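The values are calculated or read from the model by the stated rules, or taken from the named source; none is laboratory data. Keep in mind it's a predicted model, so treat the numbers as computed, not measured. Counting neighbours? That spans all protein chains shown, and the Cβs are built from the backbone with ideal geometry, glycine included.
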Amino acid sequence: MDQLRRSLGRPMLMLIVGFSLLCFFAPWQQVHPSDASLVHSLGRATLWTHAYDRVPGARLDSFELILETTVLVAICVLVGFSATAADNSSA
């Protein structure tokens, strides 16, 4: 049990820190009102921000957020597998 806790501690910490960073630096975009294929990146802000309230068509860039979340989870899984493999080889 202690070995499992030790090998999964670092990936879980990375996941928690990564998700909090994604919440604080989420990508925002502006969509043109008449043509949804015209998109302009606004930058990064928190998920709950009101900084872009006055910008018409401003919304969270959900595709970019999902892509970054997927990369974060993949990195944490790889770190977890490498930590588990290192613990098993040393035992």
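Just wondering, is there one or more residues in region 60-68 that are surrounded by fewer than 13 Cβ atoms within 10 Å (Cβ to Cβ) and assigned to a loop (DSSP other than H, G, I, E, B)? Walk me through it before giving the result.
Of region 60-68, the ones surrounded by fewer than 13 Cβ atoms within 10 Å (Cβ to Cβ) are 62-63, 66-67.
From the residues that got through so far, the ones that are assigned to a loop (DSSP other than H, G, I, E, B) too are none.
No; the residues of region 60-68 include none that is surrounded by fewer than 13 Cβ atoms within 10 Å (Cβ to Cβ) and assigned to a loop (DSSP other than H, G, I, E, B).
This table checks each residue for (1) among the polar types (S, T, N, Q); (2) out of contact with any Leu (no Cβ under 9 Å at 6 or more places or on another chain).
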{"site": "Gln30", "(1), (2)": "yes, no"}
{"site": "Val39", "(1), (2)": "no, yes"}
{"site": "Ala45", "(1), (2)": "no, yes"}
{"site": "His50", "(1), (2)": "no, yes"}
{"site": "Asp53", "(1), (2)": "no, yes"}
{"site": "Leu65", "(1), (2)": "no, no"}
- Query: Any idea which of Ser82, Ser20, Ser41, Ser89 is at pLDDT 90 or above, of a type in the set (S, T, N, Q), assigned to a helix (DSSP H, G or I) and out of contact with any helix residue (DSSP H, G or I) (no Cβ under 8 Å at 6 or more places or on another chain)?
  - Reply: Ser20
